[in-house]
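**Q** Please see the structure below; I have some questions.
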Amino acid sequence: MSSAELHAIGFTVWVCLLSTLCILPAGVLVGWLLARRRLRGRAALETVLSLPLVMPPVATGLVLLRLLGRRGFFGGLLHRALGVDIAFTWRAVVIAAGVMSFPLLLRSARVAFQQVDPRLEQIARTLGASDLRVFWSVSLPLAGRGLLSGTVLAFGRALGEFGATILVAGNIPGKTATLSLSIYQAVQLGQDGAALRLVAVSTAIAFAAIWASELLLRGKEGWR
């Protein structure tokens with residue numbers, strides 16, 4: 001296996017983990033708010049946050065490029081203020097993966113919190129627990145299985161991300177090339193052996209993530 005392939009593997013795992021960790025707090029918080037609070041415009045908010053699920057990934061990538069490029073609002077602001085570029089860097093890969101995988105985490109979190117019996121939360125409040133303590137000691141543990149499932153789904157979606165990434169980050173070897181982009185490039189160059197090796201690695205990583213999730217879920221059931 002070449003050094004470029006090894007770099008793509010390590011870079012992809014790192015980017016997927018980082019993007020999943022970055023979206024986890026927001027996904028859990030927004031999922032809880034959608035499940036437990038009557039918000040004005042709730043349906044519109046959920047629809048907007050779920051758009052990356054149904055929009056073509058290249059369309060999402062184009063929007064991100066317009067926002068994060070040097071001439072974009074956020075990208076231009078950061079470049080002028082801090083001299084930091086986002087588009088066509090590893091930061092763009094993390095953001096693209098996070099944006100594309102966030103809806104899966106959000107929907108899993110919302111469903112997980114909806115399945116928590118509100119009476120248990122109310123009992124905790126009657127015993128003097130604050131809303132924050134109820135969330136940490138009752139809601140979050142009871143929704144743990146759904147949240148873990150959503151986290152694994154988000155990681156898997158980030159692992160397979162292609163369309164948005166190639167537009168906002170490009171396919172720069174040694175810099176922004178992920179497993180998906182490397183597989184595509186290998187196929188384009190007729191390097192079927194390299195492409196199949198990377199496919200095998202992608203499958204192994206996805207399998208390991210799902211297997212670890214199942215082991216953790218079984219462990220939780222055992223503790224109960």
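The values are calculated or read from the model by the stated rules, or taken from the named source; none is laboratory data. Please read these numbers as outputs of a predicted model, since none were measured by experiment. Don't worry about glycine lacking a Cβ; one is built from the backbone with ideal geometry, like all the others, and counts go over all protein chains shown. Quick note on the areas: whole protein, heavy atoms, side chains included, nothing else; ligands and nucleic acids left out. Shrake-Rupley method; radii C 1.70, N 1.55, O 1.52, S 1.80 Å.
**Q** Determine which single condition A164 fails, assuming it passes every other condition in (1) assigned to a helix (DSSP H, G or I); (2) without any contact (Cβ under 8 Å) to a residue 60 or more places away in the chain; (3) under 19 Å from P57 (Cα atoms).
**A** (2)
**Q** When you go through A154, A194 one by one, which is the residue that is over 22 Å from A59 (Cβ atoms) and touching a residue at least 40 places away in the same chain (Cβ under 8 Å)?
**A** Values: A154 fails: over 22 Å from A59 (Cβ atoms).
Exactly one residue qualifies, and that residue is A194.
**Q** Given the conditions (1) surrounded by 17 or more Cβ atoms within 10 Å (Cβ to Cβ); (2) modelled with pLDDT of 95 or more, and given that W14 satisfies all but one, which numbered condition is not satisfied?
**A** (1)
Residue-by-condition table, conditions (1) open to solvent by 20 Å² or more (accessible area, probe 1.4 Å); (2) not acidic (D, E):
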position: L142; (1), (2): yes, yes
position: G150; (1), (2): no, yes
position: R157; (1), (2): yes, yes
position: F162; (1), (2): yes, yes
position: P173; (1), (2): yes, yes
position: I183; (1), (2): yes, yes
position: D192; (1), (2): yes, no
position: R197; (1), (2): yes, yes
position: I205; (1), (2): yes, yes
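**Q** Any idea which of A177, A209, A129 is at negative phi, modelled with pLDDT of 90 or more and open to solvent by less than 60 Å² (accessible area, probe 1.4 Å)?
**A** Working: A209 fails: modelled with pLDDT of 90 or more; A129 fails: modelled with pLDDT of 90 or more.
None of the others qualify; the one that does is A177.
**Q** A follow-up question, please. Being closer than 23 Å to L153 by Cα, in contact with a Gly (Cβ under 9 Å, 6 or more places away or on another chain) and modelled with pLDDT under 95: is that true of P52 here? Show your work before the answer.
**A** Working: closer than 23 Å to L153 by Cα: yes; in contact with a Gly (Cβ under 9 Å, 6 or more places away or on another chain): no; modelled with pLDDT under 95: yes.
The answer is no for P52.
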